[in-house]
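Asks: To start, I am sharing the structure in question, which I have written as structure tokens.
The values are calculated or read from the model by the stated rules, or taken from the named source; none is laboratory data. Model, not experiment: these values are computed from the prediction. Please note: Cβ atoms are built from the backbone with ideal geometry, for glycine as well, and neighbour counts cover all protein chains shown. These accessible areas exclude ligands, DNA and RNA; they are computed on the full protein's heavy atoms, side chains included. Shrake-Rupley method; radii C 1.70, N 1.55, O 1.52, S 1.80 Å.
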Amino acid sequence: MALDEFLAELDQLAAQADKAFGSAGGAEAVEAARVEFLGAKSGRLRAVQKGLGKVDKADKPAAGKRFNEVKNQVEAALVAATDRLKNAASGARTGSQFDPTIPGVRRRLGRLHPITQTIEELTDIMGRLGFTVAEGPEVEDLWHNFEALNIPLEHPARDPLDNFYLATGAVGAGPDRADAAGADRQKWLLRSQTSTVQIRVMEKTKPPVRIISLGRVYRPDTADATHYPMFHQIEGLLIDRHVTMADLKSILHLFAASFFQDDVEVRFRPSFFPFTEPSVEVDMSYDGGWIEFGGAGMVDPNVLASVGYDPDEVSGLAFGLGIERICARRHGVTDIREFFKNDVRFLRQFH
Ligand code: DAH
């Protein structure tokens, strides 16, 4: 066979193999091309190789060299096609074929709950007025929740329907008033007011006292736009010589003006709480009207006496305000149940 003829046959095979491997779109097509060109028994390269024997003796070295080149080229085309398919598959899995036009997945930062944010801000404001934070337990005994606050046994505020008593101690009347204090220290409830902390602080501290306490309180109220069985209060207590109602009003006004940062007004309405005398209901101006924020008053001498203070020596002011209402008023929230649903679409508005 003439050399020209042999080389032409090789060139044609090389071109066809390139095309077959280059256009193979899947593993099966690559395998088919491998069998066609590189198959050990009946592959086309094998067939061409047989023709090598018929080439003129003088032309054999040139023919053999070219045959080896083409064989290497076809083998390389097989490897390239296999790699190409492998990369396409893993690219789809790992996203290494990065498409910068696809919208990203946004990672949102968490933030503090609006009630927690309000607590921190109120703590800050009252801190500037010289009040430090005191804490008390949420599971409280009846002495601190009622008796020491001048709420006697027969008082309706003790009604089991208005309190979460705990089953660990019997509820209700002791045989007589003299026993009440001792018995009350062994009966428990979820505190219904943060006023309990007033007693806890005064029991361990000599006057003067200037504290706030912020935390959860519990009452079996049906949840609606303004009630929830658990809510938060900020309690304030100031005991010193010559404390007056004027101090109470100016502290509450400073407090409200600092928090709402506008010309908020504070109004007192006469009221009654067993632990204050006189007692007032505290309203703040809002949107042309008034909103009730809680109660306040001058600490009742009976309360001072119950913790061993001398009512002739010292007097005090106290207040207890609802934190949900303060927070809702600031942000225009009309239903306090929103604070406790933990719906992130609601919560992420507060920052
Ligand atoms: N403890 C009262 C309540 O939960 C609020 C309150 C009224 C607290 C008068 C006070 C106060 O400290 O002086 O309804």
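Asks: Looking at (1) in contact with a Leu (Cβ under 8 Å, 6 or more places away or on another chain); (2) open to solvent by 40 Å² or more (accessible area, probe 1.4 Å), which is the only condition V299 fails?
Replies: (2)
Asks: Suppose we filter V303, V307 for residues that are more than 9 Å from the ligand (Cβ to nearest atom), under 17 Å from I151 (Cα atoms) and in contact with a Phe, Trp or Tyr (Cβ under 6 Å, 6 or more places away or on another chain); which single one remains?
Replies: After ruling out the rest, the residue left standing is V303.
Asks: Which of the residues that make up the range 264-300 are of a type in the set (F, W, Y) and either in contact with a Cys (Cβ under 7 Å, 6 or more places away or on another chain) or within 9 Å of the ligand (Cβ to nearest atom) (or both)?
Replies: F273, F275
Asks: I would also like to ask the following. Select from the range 46-87 the residues that are under 60 Å from the mean Cα position of the chain (by Cα) and among the hydrophobic types (A, V, I, L, M, F, W, C) and write down the one among them that is surrounded by the fewest Cβ atoms within 10 Å (Cβ to Cβ).
Replies: To start, the set of residues in the range 46-87 that are under 60 Å from the mean Cα position of the chain (by Cα) comprises 75-87.
Retained after the next criterion (residues that are among the hydrophobic types (A, V, I, L, M, F, W, C)): 76-81, 85.
Numbers: A76: 12, A77: 23, L78: 19, V79: 10, A80: 13, A81: 22, L85: 15.
Filtering the range 46-87 for residues that are under 60 Å from the mean Cα position of the chain (by Cα) and among the hydrophobic types (A, V, I, L, M, F, W, C), the one surrounded by the fewest Cβ atoms within 10 Å (Cβ to Cβ) comes out as V79.
Asks: Would you please list the contacts, defined by Cβ atoms under 8 Å and residues six or more apart or on different chains, that run from a residue in the range 276-290 that is assigned by TED's automatic domain parsing to the domain that holds L254 to a residue that is within 10 Å of the ligand (Cβ to nearest atom) and open to solvent by 30 Å² or more (accessible area, probe 1.4 Å)?
Replies: Hits for this filter: S279/S271; S279/F272; S279/F273; V280/S271; E281/S271.
Asks: Give the residues of the range 7-45 that are hydroxyl-bearing (S, T, Y) and either in contact with a Cys (Cβ under 6 Å, 6 or more places away or on another chain) or open to solvent by less than 60 Å² (accessible area, probe 1.4 Å) (or both), sorted by residue number. So that I can check it myself, show each step before the final result.
Replies: So in the range 7-45, the residues hydroxyl-bearing (S, T, Y) come out as 23, 42.
If the condition is that a residue be hydroxyl-bearing (S, T, Y) and either in contact with a Cys (Cβ under 6 Å, 6 or more places away or on another chain) or open to solvent by less than 60 Å² (accessible area, probe 1.4 Å) (or both), then no residue fits.
Asks: From the list L85, L129, L122, which residue is aliphatic (A, V, I, L, M) and not assigned by TED's automatic domain parsing to the domain that holds C327?
Replies: Values: L129 fails: not assigned by TED's automatic domain parsing to the domain that holds C327; L122 fails: not assigned by TED's automatic domain parsing to the domain that holds C327.
Selected residue: L85, the only one of L85, L129, L122 that is aliphatic (A, V, I, L, M) and not assigned by TED's automatic domain parsing to the domain that holds C327.
Asks: Of all the residues that make up the range 99-145, how many are of a type outside the set (G, A, S) and assigned to a loop (DSSP other than H, G, I, E, B)?
Replies: Here is the first cut: in the range 99-145, the residues of a type outside the set (G, A, S) are 99-103, 105-109, 111-126, 128-129, 131-133, 135, 137-145.
Cutting the leftovers down to assigned to a loop (DSSP other than H, G, I, E, B) gives us 99-103, 105-109, 111-113, 129, 131, 135, 137-138.
Matching residues across the range 99-145 total 18.
Asks: If we keep just the residues of the range 96-130 that are in contact (Cβ under 8 Å) with a residue 12 or more places away in the chain and of a type in the set (S, T, N, Q), which is farthest from F340 (Cα to Cα)?
Replies: Out of the qualifying residues, it is T123.
Asks: Considering every residue within the range 147-163, establish whether at least one is open to solvent by 50 Å² or more (accessible area, probe 1.4 Å), modelled with pLDDT of 70 or more and touching a Leu at 6+ places or on another chain (Cβ under 7 Å).
Replies: no
Asks: Looking at the range 222-238, which of its residues are farther than 21 Å from Q117 by Cα and within 12 Å of the ligand (Cβ to nearest atom)?
Replies: Once the filter is applied, which keeps residues that are farther than 21 Å from Q117 by Cα and within 12 Å of the ligand (Cβ to nearest atom), the range 222-238 yields L237, L238.
Asks: If you don't mind, another one. Are any residues in the range 279-290 surrounded by fewer than 18 Cβ atoms within 10 Å (Cβ to Cβ) and more than 10 Å from R267 (Cβ to Cβ), and if so, which ones?
Replies: The answer is Y286, D287, G288, G289.
Asks: Name the single residue that is most open to solvent (accessible area, probe 1.4 Å) among those in the range 190-214 being more than 12 Å from the ligand (Cβ to nearest atom) and assigned to a strand (DSSP E or B).
Replies: Residue satisfying both the conditions and the ranking: R210.
Asks: Please determine whether any residue of the range 27-47 is farther than 17 Å from A76 by Cβ, of a type in the set (K, R) and without any contact (Cβ under 8 Å) to a residue 40 or more places away in the chain.
Replies: For the range 27-47, residues farther than 17 Å from A76 by Cβ, of a type in the set (K, R) and without any contact (Cβ under 8 Å) to a residue 40 or more places away in the chain: present.
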